[in-house]
Ligand SMILES: *[C@@H]1O[C@H](CO)[C@@H](O)[C@H](O)[C@H]1NC(C)=O
Ligand SMILES: *[C@@H]1O[C@H](CO)[C@@H](O)[C@H](O)[C@H]1NC(C)=O
Ligand SMILES: *[C@@H]1O[C@H](CO)[C@@H](O)[C@H](O)[C@H]1NC(C)=O
């Protein structure tokens with residue numbers, strides 16, 4: 001039960017969607033994929049059309065004579081370009097906003113130089129105590145250094161880069177006798193090395209990547225060939241995590257593929273490719289009837305375990321990498337497009353919801369529960385992790401690739417360039433980004449780790465102020481709940497970067513600049529570095545003594561690229577791994593074999 005306090009006034013969005021008051025039937029999603037989602041979508045479309053028409057006044061007659069007017073207007077409203085005369089796709093040619101771009105670069109130096117001064121080579125950095133720590137007692141594996149290298153290259157920080165490279169050449173070793181998380185080590189360290197290699201052709205990085213990849217490979221030695229959560233890098237042995245009963249996270253096992261496939265491509269060693277492709281085959285053969293995947297699998301039998309379905313933690317990058325595997329091999333592996341399409345249909349049918357007051361679009365989670373008769377029922381939980389904010393940009397990227405009828409599409413795409421699915425995904429993506437931006441409407445201008453959305457049955461009392469989201473458990477007199485933190489996460493600015501590249505709409509730069517300024521105001525530590533804050537709704541802020549490595553690898557990189565010229569890392573040639581390490585789109589001879 002929440003209280004009035006947590007329902008402080010938030011600005012409600014400007015949208016006057018007439019769909020607002022429609023009941024969302026939050027409690028029992030039907031077993032019919034799509035029905036609900038497409039209904040909501042239709043009504044959103046028609047209501048938006050209604051408003052546009054009202055504004056246009058006498059247009060009704062025109063519409064009667066030419067219904068296409070409505071469609072075009074609606075799509076434009078959602079960020080589409082209309083199908084005006086030109087037939088050739090329009091190109092972007094965005095110029096850099098040099099001042100803002102360089103401000104982001106200065107922020108990166110502020111972070112890096114403090115780390116280098118206080119903790120060079122340590123895995124993690126604590127900017128308030130000016131100390132570094134390693135993930136394990138055995139010693140560091142270059143978690144922060146390797147995660148930051150490609151950002152230095154992209155920003156043209158030559159001196160910092162030279163010193164980081166020297167550290168990799170002289171100090172980095174993976175001969176550490178301890179257990180490391182398979183997924184995190186792959187996306188941050190292997191991904192960072194591969195990206196550094198792609199940007200330089202310096203064999204140092206490829207040699208290190210091969211060494212690390214070979215040490216991770218034994219993780220795949222389980223009966224179902226699903227990788228264990230942990231791996232001992234010195235002993236070259238997969239290790240089952242003690243928590244979660246030895247189960248593996250769906251997102252963790254399905255977010256190694258870009259990295260190992262690129263490594264296979266560079267080395268002509270198919271074993272890497274086989275190992276990660278086999279995971280995808282196993283997931284596919286579990287026949288996901290709704291396209292949605294539960295967050296745990298059993299490495300003994302390769303089956304899904306009854307558990308939550310969500311786009312947040314342990315689920316998120318499964319969906320991200322379905323699309324990105326399809327992108328990585330230049331839209332040639334249709335099995336990933338099929339899986340991605342099925343997943344997006346499932347997401348629209350079951351997880352996409354509209355806020356009851358403002359109509360803001362958000363994603364829910366599904367929690368399995370047994371009813372008194374012992375049957376499984378899925379309860380809808382209107383909870384959205386900040387992690388989910390990658391999804392708006394991902395949907396838009398999917399729309400212009402998987403959902404396009406021709407390549408490349410215009411910037412922004414015209415409706416006629418997209419399939420019906422592409423149009424649907426584009427629209428949802430645009431709306432979800434708006435929602436994520438709105439969750440920055442806090443005292444600090446930073447978004448919390450987790451937000452909940454109001455539903456009729458939530459028993460949240462008081463307030464009377466129509467608003468759609470709140471931070472659960474936030475009370476003025478109590479310690480801030482875990483949900484209220486901002487830990488320098490990148491997902492919203494990641495989506496802003498992609499949305500800007502695909503639309504050229506300056507509002508995405510404005511949103512990003514505001515978020516950057518909030519980070520500068522509230523997270524920057526004067527003596528160097530940036531720190532997490534424990535409550536986005538409290539000013540002055542209380543810091544936590546931690547600077548996550550993804551600040552330098554993702555948050556500041558995406559902000560920099562948002563203000564950079566669009567010839568830098570074009571999305572038609574690069575695909576970003578889930579830690580924002582760019583990998584080239586490859587022309588691989590090898591194609592999915594299932
Ligand atoms: C972290 O590990 C590295 C490499 O093994 C070592 O040089 C460094 O002293 C360690 N740092 C801390 C804080 O223990
Ligand atoms: C690296 O080598 C590839 C293949 O020869 C080439 O296409 C690419 O431009 C090179 N990249 C750099 C940064 O030198
Ligand atoms: C991807 O395929 C398109 C069309 O076949 C081609 O023009 C483009 O050069 C390819 N891109 C890469 C990076 O290989």
If a residue must be in contact with a strand residue (DSSP E or B) (Cβ under 8 Å, 6 or more places away or on another chain) and not in a helix (DSSP H, G or I), how many such residues does the stretch 301-331 contain? 13
Is at least one residue of the stretch 385-402 surrounded by fewer than 22 Cβ atoms within 10 Å (Cβ to Cβ) and either free of Cβ contacts under 8 Å to residues at least 40 places away in the same chain or over 29 Å from residue 308 (Cβ atoms) (or both)? no
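One line per residue, one yes/no per condition, for (1) over 23 Å from residue 141 (Cα atoms); (2) buried (at least 20 other Cβ atoms within 10 Å of the Cβ); (3) in contact with a strand residue (DSSP E or B) (Cβ under 7 Å, 6 or more places away or on another chain):
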| site | (1), (2), (3) |
| --- | --- |
| 235 | no, no, no |
| 245 | yes, no, no |
| 252 | no, yes, no |
| 257 | no, yes, no |
| 264 | no, yes, no |
| 268 | yes, no, no |
| 271 | yes, no, no |
| 276 | no, yes, no |
| 283 | yes, yes, no |
For the stretch 150-180, which positions are in contact with a helix residue (DSSP H, G or I) (Cβ under 8 Å, 6 or more places away or on another chain) and within 30 Å of residue 226 (Cβ to Cβ)? 150, 172, 174
Flag if residue 289 is surrounded by fewer than 21 Cβ atoms within 10 Å (Cβ to Cβ) and not in a helix (DSSP H, G or I): yes
Just one listed residue, out of 521, 555, 549, is closer than 16 Å to residue 111 by Cβ and over 20 Å from the mean Cα position of the chain (by Cα), and it is 521
Among the numbered criteria (1) over 30 Å from residue 268 (Cβ atoms); (2) within 16 Å of ligand 2 (Cβ to nearest atom), which single criterion is violated by residue 584? (1)
Tell me yes or no: at least one residue of the stretch 238-255 is at positive phi, in contact (Cβ under 8 Å) with a residue 40 or more places away in the chain and away from ligand 1 (no atom under 16 Å from the Cβ). yes
Cross-chain or 6+ apart pairs with Cβ under 6 Å, the stretch 127-148 first and over 20 Å from residue 234 (Cα atoms), then assigned to a loop (DSSP other than H, G, I, E, B) and near ligand 1 (Cβ under 9 Å from one of its atoms): 132/122
Any chance the stretch 570-578 includes a residue that's modelled with pLDDT under 95 and within 16 Å of ligand 3 (Cβ to nearest atom)? no
Against the condition in contact (Cβ under 8 Å) with a residue 40 or more places away in the chain, crowded, with 17+ Cβ neighbours inside 10 Å, assigned to a helix (DSSP H, G or I) and more than 16 Å from ligand 2 (Cβ to nearest atom), how does residue 231 come out, does it pass? no
Unmet criterion (only one of (1) surrounded by fewer than 24 Cβ atoms within 10 Å (Cβ to Cβ); (2) over 21 Å from the mean Cα position of the chain (by Cα)) for residue 297: (1)
Yes/no for residue 216 being away from ligand 3 (no atom under 16 Å from the Cβ), over 20 Å from residue 553 (Cα atoms), modelled with pLDDT of 95 or more and buried (at least 19 other Cβ atoms within 10 Å of the Cβ): yes
I'd like the residue in the stretch 403-418 that is in contact with a strand residue (DSSP E or B) (Cβ under 8 Å, 6 or more places away or on another chain) and more than 23 Å from residue 293 (Cβ to Cβ) and, out of all such residues, is surrounded by the fewest Cβ atoms within 10 Å (Cβ to Cβ). 405
Looking at this structure, is residue 363 within 27 Å of residue 492 (Cβ to Cβ) and touching a strand residue (DSSP E or B) at 6+ places or on another chain (Cβ under 7 Å)? yes
Condition set in a loop (DSSP other than H, G, I, E, B) and surrounded by 15 or more Cβ atoms within 10 Å (Cβ to Cβ), scope the stretch 92-108, selection farthest from ligand 1 (Cβ to nearest atom): answer is 92
For the stretch 555-574, give me each residue that is within 16 Å of ligand 2 (Cβ to nearest atom) and either closer than 25 Å to residue 260 by Cβ or touching a residue at least 24 places away in the same chain (Cβ under 8 Å) (or both). 568, 569, 570, 572, 573, 574
Counting only strands (runs of 3 or more DSSP E) entirely within the stretch 332-425, those with at least 2 residues that are closer than 30 Å to residue 572 by Cα and touching a helix residue (DSSP H, G or I) at 6+ places or on another chain (Cβ under 6 Å) are 361-363
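The values are calculated or read from the model by the stated rules, or taken from the named source; none is laboratory data. Model, not experiment: these values are computed from the prediction. Positions of Cβ are backbone-derived with ideal geometry, glycine not excepted, and every protein chain shown enters the neighbour counts.
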